[in-house]
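The values are calculated or read from the model by the stated rules, or taken from the named source; none is laboratory data. Note that the coordinates shown come from a computational prediction; the quantities given were computed from them, not determined experimentally. Cβ atoms come from the backbone with ideal geometry, glycine included; neighbour counts cover every protein chain shown. In case anyone asks, the SASA skips ligands and DNA or RNA and just uses the protein heavy atoms, side chains included. Shrake-Rupley method; radii C 1.70, N 1.55, O 1.52, S 1.80 Å.
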Amino acid sequence: MNGTIRRQREVALAGMLAVLCSVGTAGAQNAPPFAQLLRQAQSAPRLTALDADVARAQGLAEQARARPNPFINVYAENFAGDLQNNARNQQQTTFQIDQPIELGGKRSARIAAGEAGIAAAQARNRDGRLLFATELARAYAGAEVADRRIALAEDEVEEATADLKVARALVGAGKEARLRQLQAETELGTLEADLEVAHAQKTAALARLSALAGSSTPFTGLGESLLDRMNARPPSGPVDPLQATTVKVAEAEREAAARAVTVQQRLAVPNVTAQLGVRQLRVASGPAVVAGVTVPLPFFDRNRGNIAAASADLQGTEARAAAARLEAETGVRAALTLVQAADRRTAAAQRNMRTAEEAYRLARIAYEAGKAPLIELLAARHNLGAARAVILDADIARLDARANLARLSGLSITGEAVQ
């Protein structure tokens, strides 16, 4: 009873999702083939955010090249006070320019750190684009899987409808009890509910694909089958794990952290401020030149805390770089193994499905002839449905394994280089 209520709720929810997602689909369209969709998605919000991070790093690097600005000082002395006895004849005005001079290679260290920041941002950008391409492929395949589940559900509904007709005929002829007809009707109702849920899942999967691709128009179908493309195994050479984008990101961040340590060490060196000015005395016939130098005394602040913090960041990035290399090496070996296992699993699932199809055919012949009970026919059809689902699961696992291997190779799942 509880199962029936739950099934009714699922059907109601599926209907609601279908209605909600159908609103505003007047301009709906099919998603293009995956490679074309990946090219069109270059303006997707996620990729735009990655480009903005690179632009930010470039702006910081440009700012790192800037030199300190000079200061203009104007001093007026003795222009007020005891004008009768002292101040009036000693009035003077000074115009002075102060120019900070960076010592210890601070500017060159900043420039190197800025360039390292650009390299790190570009590495993260490429890694993010590869991750996006992988997720887009999975979303594309997810929509295709949902569509195939609809086809499987429709096949099962069609077969269950045919079995129900046979059951009714046998009940009418007195060869079966009415209980068998009720069992067949219950089975058909359950499969029809599963079909409604599958339709709702397809709508949701296409909506996720549209959102990920940055498409304002929701997709209603797909332009190609990614799962079928996995039947032809693409040629692939050896994968160098050290060229994986995750390793490149970790190495670039380690280099940027090392440059940051150098910047903090150079900041410990005091800067000098050169001063040059002109002083006009009231009682003098001409101006006087004044000059000076200001040097801070590093008694209290030697930037030790910032140096220690930057050094700790460097240690952390070095550890993460080492971990990234190990993970990439392990990931490549695992990906190759999983691809081979997924191919074998798909082949085995196809053989099992052929066996299940033959078993269902024979069970139906036997049931129509009155030589087998309905329970055997239902079991054979359940086994056939399970075999079809196993093939679909095997295709999903194969695509996922290929997607992981493609990402480690710096490619999309269809073989295009991701820059």
So if R0 is 25 Å, what FRET efficiency would Q350 and A151 give, r being the distance between their Cβ atoms, rounded to the nearest 0.05?
-> 0.95
At 1.002 mPa s and 20 °C, Stokes diffusion of the stretch 311-419 via Kirkwood alpha-carbon radius, µm² per second | 123 µm²/s
How big is the charge dipole of the stretch 70-224 about its Cα centre, in debye rounded to the nearest 20, if each Lys and Arg gets +1 on its Cβ and each Asp and Glu gets -1 on its Cβ?
-> 540 debye
Two-decimal ratio, the stretch 114-214, of alpha-carbon radius of gyration to 2.2 N^0.38 Å = 1.91
Given labels modelled 7 Å from the Cα in the Cβ direction, how far is it in nm from E192 to E77?
-> 10.3 nm
What residue among L130, P287, A341 has its Cα farthest toward the positive end of the dipole of the chain, where the charges are +1 on Lys, Arg and -1 on Asp, Glu, each on the Cβ?
-> P287
Comparing V290, V272, V239 in a Gaussian network model of the chain (Cα, 10 Å), the one with the largest mean-square fluctuation is V290
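Please give the charge dipole size of the chain, origin at the Cα centre, charges +1 on K and R Cβ atoms and -1 on D and E Cβ atoms. Round to the nearest 20 debye.
780 debye
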Tilt, helix 304-368 to longest principal axis of the chain (alpha-carbon atoms), in degrees rounded to tens, equals 10 degrees
Could you order V293, V269 so the one with the most accessible surface comes first? Probe is 1.4 Å.
-> V293, V269
The stretch 234-317: relative contact order as a whole-number percent, Cα under 8 Å and 6+ apart = 34 percent
Which value, in Å² rounded to 10, gives the accessible area of I365 with a 1.4 Å probe and all protein chains present?
-> 90 Å²
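For N303, what charge total do you get from the other residues with a beta carbon under 13 Å from its beta carbon, if Lys and Arg give +1 and Asp and Glu give -1?
+3
What dipole magnitude, in Debye to the nearest 20, does the stretch 168-213 give about its Cα centre under +1 on Lys/Arg Cβ and -1 on Asp/Glu Cβ?
80 debye
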Taking Cα pairs closer than 8 Å and at least 6 residues apart, the relative contact order of the stretch 272-393 in percent is 16 percent
Taking max minus min of the Cα coordinates of the stretch 319-375 on each principal axis, largest first, gives extents in Å of 71, 19, 8
Only one of the values [x] 22.4; [y] 24.6; [z] 35.6 was calculated from this structure for mean projected area of the Cα convex hull in nm²; name its label.
-> [z]
Which ³J(HN,Hα) values, rounded to whole Hz and listed in residue order, are derived for the stretch 193-204 from phi using the Karplus coefficients 6.51, -1.76 and 1.60 in 6.51 cos²θ - 1.76 cosθ + 1.60 with θ = phi - 60°, glycine and proline given as x?
-> 5, 4, 5, 5, 4, 4, 4, 5, 5, 5, 4, 5
For F299, F132, F71, write out the residues from largest to smallest accessible area, computed with a 1.4 angstrom probe and no ligands counted.
-> F299, F71, F132
Please give the solvent-accessible surface of S409 in Å², to the nearest 10, using a probe radius of 1.4 Å with every protein chain present.
-> 50 Å²
Note, the stretch 250-259: 3J(HN,Hα) by Karplus (6.51, -1.76, 1.60, θ = phi - 60°), whole Hz, Gly/Pro = x, goes 5, 5, 5, 5, 5, 5, 5, 5, 5, 5
Solvent-accessible area per residue for the chain at a 1.4 Å probe radius, Å²?
-> 56 Å²
